[in-house]
Every structure is written in structure tokens, then in C-alpha cells.
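Asker: Have a look at the structure that comes next, please.
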Amino acid sequence: MARRLLLGLACVLLLAAPAAAGDIHREKREIDDRLSSLHSKIANAKTQEGVLTQQITVVDAKITSLQDDVARAQNRLNTLEGQLATSQRRLDRMTAVFAQQTRKLVQLRRDYGVALARLERRVIDAYETPSVNVLDVVLAATSMSTMLSDIEYVHQIGQQDKQISDQLRTAKKEMHAARERTRVLKRRVAEETAAIRARTEEQQSVTQQLVSTQQQLETAVDSKRETLSSIKVNEKSFVEEANALQAVSAALAAKIQAAARSAPATSSGSGTPSASGFIWPVNGPITSPFGSRCLGNGDCSFHPVIDIAVPAGTAIKAAAGGTVIYAGWLGGYGNLTVIDHGNGLATAYGHQSSIGVANGASVAQGQVIGYVGCTGYCFGAHLHFEVRVNGEPVNPLNYL
């Protein structure tokens, strides 16, 4: 806003205050250079805007694709985690069964040991005690029923001890076999659980990597969007400033035209020279042509002149007859001479080592007006040659 106010104030001052011809040309040149720079910045901003928009589109497509990949990876991870939980529960059950069977086997071994010890004591007692046969029982019996009961009791004791021992031995063997089967099953389930856990951890790593990549892309695209927004703001500012400067440039062009109309008539004749009516002010190669020129970093500017390379001290001749409306130092031009040729046509000769004519003088075509040098903003001796129509720069090659 402050910049636009200053430019508006400049327009008012330029239109309201009279100025010398040299000041007008200087201000016109400065504004034209600024306009050229702004147009270059606007073009560069539009290029960056297009590149960033394309990059954002590409990254958005990658993010969309990654979202599908992340969803698929998450589904696979959920499936594996479910399988792992199921397998872990099965392994826990096998572990519990194995522990229970181990406890039961220990108890059976203990009971079997007790039964064997009892049977061994009975065998020892039978060996150390006089043998009691059926006849002894018969003779000792007081009745028939007592005799039968005693005989059955002696027989049952021996059978019971043997039966208990056999049952315990059988149960111990069966429990040992069951425990071994459970051990094998437990090992198989543990291996299966370990394999599922490994696949789950691998899938977790893949999913985390995809999510991390997605987050990085989202961060990158957010940064690009911020940059794009900033470029658009700068571009808008450049356009507004360029529009304001264009108004100032138009006001200066009007003043140049007024200065040209008030300049004395030339002695070389009236009318505007034709496109083939100018002569070359010096003879040499063109090292910088008229038009846009860009640096390696992408910065471009408009070069409204041609630069002709010739040795320092070379005489500069007027391209056509006219009136000198400026002769003196002018910023980056260094020593500058501007000749008005009538009908809004003017030529400018910059970077002179010395000026050979005075402001307001009439010159003829081919007359020496100064000498080549490298004053002002330049790199090496050359002639800076401009042609302007109604204050606007045009290609000098169309007039030489």
C-alpha cells in the first residue's frame, strides 16, 4: 500500500512540476528499467507458479496412491495381528495343559511309588511271617461262614495290591504319552506363533514406513502450497506496482514529447528519417542485442538498446541530424548525449569517455558528438545506442 501511494505521489509530482530534458530522460529511463524488472519478476513468478502447481499435483497423486497402499498395509497388519492373537491364545492354552499334565504325572509317579512300597512291604511280611495257607484258615475258622470270609479276604488283599499297582503304572504311562503329545503340539504352536509374530513385525515396519513417507509428502506439499501462496501474493504486488509505474512512464513520455516539440528546429531538414535513414554511430560488432536477456539464475530483464563493441576513444557520430536535448552525466548511462530528430524520434549515446557537444546544440548527420568509453554502469569500452519513438525504446536495427 505504501509503495502504491508513493508511486501515485510521483505521478502527481511529475505531471505537476516542470523538468529539464535531461531529468525527464533520466526519470523515464529509471522507470522503464523498473518496469522491465517488474515484468521479468511477474513472468518468473508465473513460471514458478506453474512449476509449483505441477509439483503439487504430482505430490497429491503420490499421497493418494500412498493412502491406498497404507490402507492395504494396515488391513494386512490387522489380519496378521488377529492371527497372532489367536495363535498366542492357543499357545497359552497348550502351555496351561502341559503344566497341568506335568503336575498330574508327578502325582501319579508319587502314588505309584507309594503303591510299590506298600506291595514290597507285604511281600517282605509274607516272607518273614509263617505261611498261612487255606488249611490253616479252615482249621482256625469257628464256622463255615467265617472260614469262607477269611479265605476271600486273604485272596482279595493280594489281588487289590496288584491291581492298584497295575492301574498306577498304566495311568503313569498314559499320562507320560499325553504329556509328550502336548509337548510336541506346544512346540509346533510356538513355532507357528513365532512365524506369525515375525511377519507381523515386518508388516508393522512396512506400514510405519508408508505412513512416514505419506507424512513427509504431506509436509512437502504443505510447504509448496505456502510457497505458491507467497508467490501469488508477490506476483499481485508486482502487477500492482507495474500498473502504477506504467502510469508514471506514460506521464514521462508525454513530457518527453513536449520537450521534443519545444526543441529548436534542426538545420538538417524537416521530417522523420526513414527506417534506412540512420547511419551507424560507430563500426563494430553488437555484443548485446535489443530485447530480453536472462542470467543463469533465471533472472531476466529487458535490454532496450544495442551495445556496440569498439575501442575506447573511438569517435561517435550522430546517426541523423537533430537537436541535442541532453548532454551530461546520467546515472548508469555515464556520459550521455540525447538527440531529438523531430516527430517524436530520438537517439541516445551512453557510456562516453567524453562528450563533444553541448545541450541545445544542432548537429548534422555524421557529426562527431563524443567518444567511446566505459563510464557509468558498464563492463569494458562500448557504445550504448538507443532509439526512442515518442519516448518509448524501439529496436535500433530497424533504423540503421
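Just so you know, all these numbers are worked out from the coordinates, no wet-lab data involved. Please read these numbers as outputs of a predicted model, since none were measured by experiment. Cβ: placed from backbone, ideal geometry, glycine included. Neighbour counts: every protein chain shown.
Asker: Please list the non-local residues whose amide H lies under 5 Å from the amide H of TYR326, H modeled 1.01 Å from N, same-chain partners needing a gap of 5 or more.
Answerer: Amide H neighbours of TYR326, under 5 Å, 5+ apart: VAL338, GLY360.
Asker: HN-Hα J couplings of segment 349-361 from phi, Karplus 6.51/-1.76/1.60, θ = phi - 60°, integer Hz, Gly and Pro as x?
Answerer: 10, x, 6, 5, 6, 7, 9, x, 9, 9, 4, x, 6
Asker: Fewest Cβ neighbours within 10 Å first, please rank TYR399, TYR333 accordingly.
Answerer: Least crowded to most crowded, the residues run TYR399, TYR333.
Asker: Also: Where does each of 351-360, 173-182 land if you order them by average Cβ count within 10 Å, highest first?
Answerer: Final packing ranking: 351-360, 173-182.
Asker: Label-point separation (nm) for GLU49 and ARG183, each offset 7 Å from Cα along Cα-to-Cβ?
Answerer: In this crude label model, GLU49 to ARG183 measures out at 8.0 nm.
Asker: Would you please give the residues with an amide H less than 5 Å from that of LEU345, counting only those at least 5 places away or on a separate chain, with H modeled from the backbone geometry?
Answerer: Result for LEU345 returns ASN390.
Asker: Provide the FRET efficiency to the nearest 0.05 for the ARG225-GLU201 pair, computing r from the beta carbons and using R0 = 41 Å.
Answerer: It comes to 0.70.
Asker: Separation between the ALA71 and THR170 pseudo-spin-labels, each 7 Å from Cα along Cα→Cβ, expressed in nm?
Answerer: Here the modelled spin labels are 6.4 nm apart.
Asker: So, in nm, how far is label VAL389 from label LYS104 when the simple model puts each one 7 Å beyond its Cα toward the Cβ?
Answerer: Result for the modelled spin labels: 11.2 nm.
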